[in-house]
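To start, the structure itself, in structure tokens.
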Amino acid sequence: MVDGQNVGTVFTEGAPERKALEVNFPFENLHRLAELESWRKEVNRPIYHVHKWWANRLGSVFRAILLGAGLPETKDAWPEFYSPKHHFGDMVVLDPFMGSGTTIGEALKLGYRAVGVDINPVAYFQVKTMLGAPGEEALSRGFERLEERVGSKIQSLYRSKYKGQDAHLLYTFWVKVLPCPDCGNKTQLFAKRIFSSNAYPKNKPQSWAVCPFCGEVNEVLFTDSSAVCRGCHSDFDPQRGCIEGQSFRCPGCGGLHRTLDVVRRLGRVPQHEMYALMLLLPNGKKVYKAPDECDRELFESAKRELATLALPIPNVEIPAGHNTNQARSYNYLYWHEMFNERQLLALGTLFQGILSETDQKVREALLMLASGVLEFNNMFCSFKGEGTGAVRHLFAHHILKPERTPLEANPWGTDKSSGSFSTLFERRLLAAVRYKRAPFELRVASAAGKIVGEKVFGVNRPLSPRIASNFAEVAERKADVLVMASDSGCLPLPDASVDLVVTDPPYFDNVHYSELADFFFCWLQQGLAETDPAFAPASTRHGMEVQSKDAGSFSHLLGRVLSECSRVLKAGGIVAFTFQHARWEAWAAVLQALRSAGLEVVAVHPVKAEMSVSMPKLQAREPINLDQIIVCRHRNDCQGRVALPTGLDVARDSQAVVSRYNKAGIKLSRGDIRAILMGSCVKLTSPLTCEVKAREALDALRNGLEKHLNALDHGQDVVAQAMPGAKSNGQLALDMVFERMKQYSLVRPTRRRRTQSSPRRS
């Protein structure tokens, strides 16, 4: 309350009936379920994970949002979560940032009609392909035909011998090599000589290290700092390499050189040397060995063969950009340079075999899968370790990070392979098709004292939608879904034609989707450019893509899309989207975009985001594990307020949320508290009728709340530090609210960045 008036949104007389999503949201109940789903997203919602897309949000979360947006305020969304009775066929849902299609799939399962739009053709292609994918039998026959055409050829490139036995070559270990600028000595860029350990080395310390003198592969312990090579009997330290921070020390002359400076002077992609192999023996045992002359000749023969063939391999330049400059700094100027010659031969052969498939739907499904396989089969991949999926794929960091010790996998693969075409066909593509036929929800259960996921069938409609070629077919109920590769800032939809907008906008400044998606796009073009106009351009980059490091530009581009959403939204409709960011500028940009679109925030709810131990979160100084669901209506459905919100209003609003998490026993980080406060600030400033006042109010709240965030982080007694009489009663009340928040929240310490050598849980 401010001067006796409510600060939040008030609805005008005769406004549409409120929905359950506006009144309450079961975020603490949903949190456990969402966390369970996040650990194995590709298993629990396989349809959205056949191909890579960034920042995939959780299906259970969007199911709950869609339920809350469709149910009246008198209903509680959580008891309805597993009800099979829902059918929202009278309503059309729009997702203008479709991504991998989470909103679309969850809407169709609940009986909504849906429209999905994405400016990036790679996102559009994977959603369109999966919604229209043929059945399991047709795909299996197509796989068998492909295996007959190219399977044995690709497998022949990945063979070796171990003590006279024929073996599959599972993984080839490579290391970048640079010449010393002082003496010319070739230096292998090892951070340490141990190259393979278990994912849980404290429990299983057995590791493998390469000798710096003769190159022999030796069994050592994870903690060993001294070893004797079994080949040359030399003493060496398995923990020691030549890397020192951003530099390397030449083992010949001892000179220290900044790695990137040497690479730039080199003027080409650094050379790689093969130093170890992991083999799969006929009895199923995995063994390591140093490469021999036969192994090197097999690779050289692949190089020679590649030079004689005309395979569908892209020869496309990598344009400069925020993310692509990371690769270009190491002289990777063309996308195909991110692969070695054997990988190009294998992948080119695979794509050539797929493109000769005559069944269009089977061909496109296999083409999508092959595109996804690229992520695990390039020279930007690395080894995760034993006891887990071996390949750390290209986008584990959401960037194009050159690897000093890359890993080459077998692209066709075996039943023991990670990230191969044959294994992903079964585990991703067929799993997705089976899920379409019988979609299930997870339910949190316990078994032997552990939290487990229980599959609940029969609460969804099968995902076999009628796919439209235009919006009229959806509007007239002749089709269930329309997907488009289009700029959502100029939607080809009539005014007031959709009931709901539910989406997850792109990041403000972290991940430039189009720069990364071009990695896949240039390969997909080989089979789609002539038949699909979305794949005719040279790149997925688009001037109207909602992606910018500049807050003003981001706000303008996002506001442009939200304005279109506002235009096509029916009177009384809802716009709901998830958002997460640690910077206040991002939230100010969102507020500005909403105001420019004529939308007002009527509710904000926190919700579990992606997996808490994902690589970007492990590397974050203040990890945020919560998204905020921003729920909006047309401004003319609401009665704006002039009264300015205070820090006390924000603190009280946020405290109510934090206490609910506390009662559920869910811990929050400092970043989570920050996210909750930011969402509350946007909600309370959104109703202000004056735009200038709204921005000024947000800035004032920001300045006041930062001090209290710091106090929360350091456990300070804010009230005790206050000088008597130095604060107003309102400010003292704010301090006390924050003290209560500190007690309510089980705030964890700020997480430190892991060092490169620190073991990570996969």
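The values are calculated or read from the model by the stated rules, or taken from the named source; none is laboratory data. Everything numeric in this text was worked out from a predicted model, so none of it was measured. Every residue, glycine among them, receives a Cβ derived from its backbone with ideal geometry; neighbour counts consider all protein chains shown.
Which of the residues spanning the range 157-188 are hydroxyl-bearing (Ser, Thr, Tyr) and either within 28 Å of Pro402 (Cα to Cα) or not assigned by TED's automatic domain parsing to the domain that holds Pro282 (or both)? Result: Tyr158, Ser160, Tyr171, Thr172, Thr187.
Determine whether Pro16 is modelled with pLDDT under 90, touching a strand residue (DSSP E or B) at 6+ places or on another chain (Cβ under 8 Å) and either in the same structural domain as Asp504 (by TED's automatic domain parsing) or part of a helix (DSSP H, G or I) (or both).
Yes: the conditions hold for Pro16.
Got at least one residue in the range 112-130 being buried (at least 24 other Cβ atoms within 10 Å of the Cβ), free of Cβ contacts under 8 Å to residues at least 60 places away in the same chain and out of contact with any strand residue (DSSP E or B) (no Cβ under 6 Å at 6 or more places or on another chain)? No, every residue in the range 112-130 fails to be buried (at least 24 other Cβ atoms within 10 Å of the Cβ), free of Cβ contacts under 8 Å to residues at least 60 places away in the same chain and out of contact with any strand residue (DSSP E or B) (no Cβ under 6 Å at 6 or more places or on another chain). Quick one: is Leu350 part of a helix (DSSP H, G or I) and either modelled with pLDDT under 95 or more than 24 Å from the chain's Cα centre (by Cα) (or both)? Against the criterion (part of a helix (DSSP H, G or I) and either modelled with pLDDT under 95 or more than 24 Å from the chain's Cα centre (by Cα) (or both)), Leu350 qualifies. Residues that are closer than 21 Å to Glu147 by Cα and outside any loop (DSSP other than H, G, I, E, B) within the range 373-405 comprise Val373, Leu374, Glu375, Phe376, listed in sequence order.
Those helices (runs of 4 or more DSSP H) of the range 513-609 in which 3 or more residues are touching a residue at least 12 places away in the same chain (Cβ under 8 Å), in contact with a helix residue (DSSP H, G or I) (Cβ under 9 Å, 6 or more places away or on another chain) and under 17 Å from Ser488 (Cα atoms) occupy 551-568, 584-596.
Between Val23, Val93, Val43, the distinction of being within 20 Å of the chain's Cα centre (by Cα), in contact (Cβ under 8 Å) with a residue 40 or more places away in the chain and not assigned by TED's automatic domain parsing to the domain that holds Phe395 belongs to Val43 only.
Just for helices (runs of 4 or more DSSP H) wholly inside the range 247-340: which have at least 1 residues that are of a type in the set (Asp, Glu) and either under 35 Å from the mean Cα position of the chain (by Cα) or farther than 20 Å from Asn378 by Cα (or both)?
On the way: elements: 259-266, 293-308, 324-328.
Filter on the range 247-340 gives 259-266, 293-308.
Take Glu408 and decide whether it is outside any loop (DSSP other than H, G, I, E, B) and in contact with a strand residue (DSSP E or B) (Cβ under 6 Å, 6 or more places away or on another chain).
Working: outside any loop (DSSP other than H, G, I, E, B): yes; in contact with a strand residue (DSSP E or B) (Cβ under 6 Å, 6 or more places away or on another chain): yes.
Yes.
In the range 353-368, which residue that is assigned to a helix (DSSP H, G or I) and either assigned by TED's automatic domain parsing to the domain that holds Leu407 or farther than 14 Å from Leu528 by Cβ (or both) is farthest from the chain's Cα centre (by Cα)? Restricting to residues being assigned to a helix (DSSP H, G or I) and either assigned by TED's automatic domain parsing to the domain that holds Leu407 or farther than 14 Å from Leu528 by Cβ (or both), the top hit is Gly353. Selection over the range 358-378 of residues that are free of Cβ contacts under 8 Å to residues at least 60 places away in the same chain and in contact with a Ser or Thr (Cβ under 6 Å, 6 or more places away or on another chain) gives a count of 0. Restricting the search to helices (runs of 4 or more DSSP H) fully inside the range 90-172 and requiring at least 3 residues that are modelled with pLDDT under 95 gives an empty result. Where helices (runs of 4 or more DSSP H) fall wholly inside the range 646-762, the ranges with 1 or more residues that are surrounded by 12 or more Cβ atoms within 10 Å (Cβ to Cβ) and modelled with pLDDT of 80 or more are 647-663, 670-685.
When each of Ser160, Ser156, Ser140 is tested for being closer than 30 Å to Glu273 by Cβ, surrounded by 14 or more Cβ atoms within 10 Å (Cβ to Cβ) and of a type in the set (Gly, Ala, Ser), the lone residue that passes is Ser160.
Suppose we filter Leu429, Leu424 for residues that are surrounded by 20 or more Cβ atoms within 10 Å (Cβ to Cβ), under 29 Å from Ser196 (Cα atoms), of a type in the set (A, V, I, L, M, F, W, C) and modelled with pLDDT of 95 or more; which single one remains? Spell out how you get there, then give the answer.
Numbers: Leu429 fails: under 29 Å from Ser196 (Cα atoms).
Residue meeting the stated conditions: Leu424.
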